[in-house]
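The values are calculated or read from the model by the stated rules, or taken from the named source; none is laboratory data. If you're wondering where the values come from, they're calculated on a predicted model, not measured in any experiment. Every residue, glycine as well, gets a Cβ built from its backbone with ideal geometry; the counts of neighbours run over all protein chains shown. Protein only, heavy atoms only, side chains kept; ligands, DNA and RNA dropped before computing areas. Shrake-Rupley method; radii C 1.70, N 1.55, O 1.52, S 1.80 Å.
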Amino acid sequence: MVEWTDKERAAISDIFSKLDYDEVGQKCLSRCLIVYPWTQRYFGAFGNLYNAEAIMNNPLIAKHGTTVLRGLERALNNMDDIKNTYAELSVLHSEKLHVDPDNFKLLSDCLTIVIAAKMGTTFTPEYQASFQKFLSVVVSALGKQYH
Amino acid sequence: MSLSAKDKAIVKAFFGKVAGRAEDVGNEALSRTLVVYPQTKTYFSHWKDLSLGSAPVRKHGGTVMGGVLDAIEKIDDLSAGLLTLSELHAFLLRVDPANFKIFNHNLLVTLAMIFPDDFTPEVHVATDKFLAQLSLALSEKYR
């Protein structure tokens, strides 16, 4: 069981309260596809990913970014049992989507960076520590059902 | 994943801007490394004060950023250019190279924080590649 301090819970809630899921989702996913181009392998059906501009303007990517953020919100609302909350999602990513779990960390790093750009100095080192702890629990839960 | 001419141009241009705030950036990146990855504090047990913005942290952050900026001057042959620094890290400091990745991540977060409009995805990927090559050159003399 993951232990969360009150400060960590407060930090993570505060960060989420400042996020526009459409904006952050689009920025995070497109950044991941640009910075780590091999991740594009999972988005063959998403149309034009030919260059950075195409990726940034791709409506299917933007829509999927929102989907990812909504998924993270589920973890936020079930922080004391992320593992079970994500059991089905983990099976989906493994059995249906066949996503290499190493990619979860890449996306979570991009999310951290997008949030840092958005929040500036209010994204303190303590906030970063809390948020990265949250993301590492999410990443671990997503990988749990792989076999 | 070696650096293309375009990568080098992007890195030089962006860090030309970063250089003006080198000490702030270095301080922020190092502070985050120590707070978010507490195991890194083991290398600084000789400092009395490891808190955010303390004098030794600020000074050392500046030193490390100086090294990064210097590496950009030597971007065409990082292994040769960073030979002495690599020997320092390998034989004297003996920093586990896994920590280079940790510092690089916190540097990227800091750059996004301080230069949100300039740290575009294109600048991000070029910088990430450069820092990876820098870390490789720094690890050169380890074994």
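Some points to look at:
- Inter-chain neighbour count for A:39-51: the average number of beta-carbon atoms from partner chains within 10 Å of each residue's beta-carbon is 0.
- Accessible surface of B:HIS105 - all protein chains present, 1.4 Å probe, nearest 10 Å²: 20
- Convex hull volume of the protein assembly as shown per residue (C-alpha atoms, cubic angstrom): 141
- The portion of the accessible surface of the range B:38-97 made up by carbon and sulfur, rounded to a whole percent, is 58 (1.4 Å probe; DNA, RNA and ligands excluded).
- Interface burial in the range B:92-139 reaches 10 Å² or more for B:HIS105, B:LEU108, B:VAL109, B:ALA112, B:MET113, B:PRO116, B:PHE119, B:PRO121, B:GLU122, B:HIS124, B:VAL125, B:ASP128, comparing the full protein assembly with the chain by itself; accessible area from heavy atoms with a 1.4 Å probe.
- Note on B:ARG58: accessible area is roughly 80 Å² with a 1.4 Å probe, heavy atoms of protein only.
- Where only DSSP H runs of four or more residues are counted, chain A gives -20500 deg cm²/dmol as its mean residue ellipticity at 222 nm, each run worth -39500 (n - 2.57).
- Taking GluC sites (Glu not before Pro) across the range B:4-91, none is in a DSSP loop with at most 13 further Cβ atoms lying within 10 angstrom of its Cβ.
- With a cut-off of 13 Å between beta carbons, the residues surrounding A:ASN78 carry a summed charge of -1, where Lys and Arg count +1 and Asp and Glu -1.
- Annotation: B:LEU83 carries an accessible surface of approximately 70 Å², with a 1.4 Å probe and no ligand, DNA or RNA atoms counted.
- Mean projected area (nm²) of the alpha-carbon convex hull when the range A:87-147 is viewed from all directions: 4.2
- Chain A - Cys residues lacking any other Cys C-beta under 4.7 Å: A:CYS28
- Surface share of carbon and sulfur [accessible, 1.4 angstrom probe, percent] for the range A:1-113: 53
- Stretch gain in nm, segment B:TYR37-B:LYS12, where the contour uses 0.36 nm per residue and the Cα spacing is subtracted: 6.1 nm
- Shape of the range A:6-147, Cα gyration tensor, a/c cut at 1.5: oblate
- Between B:ARG143 and A:LYS96, the FRET efficiency from the beta-carbon distance, with R0 = 35 Å, is close to 0.25.
- Gap separating the Cα centres of the range A:106-140 and the range A:1-39, nearest whole Å: 6
- Taken across both chains, chains A and B shield about 1800 Å² of accessible surface from a 1.4 Å probe.
- Probe 1.4 Å, accessible area per residue of the protein assembly as shown, Å²: 51
- Computed over the range B:1-132, the ratio Rg/Rh where both radii use C-alpha atoms and Rh is Kirkwood: 0.95
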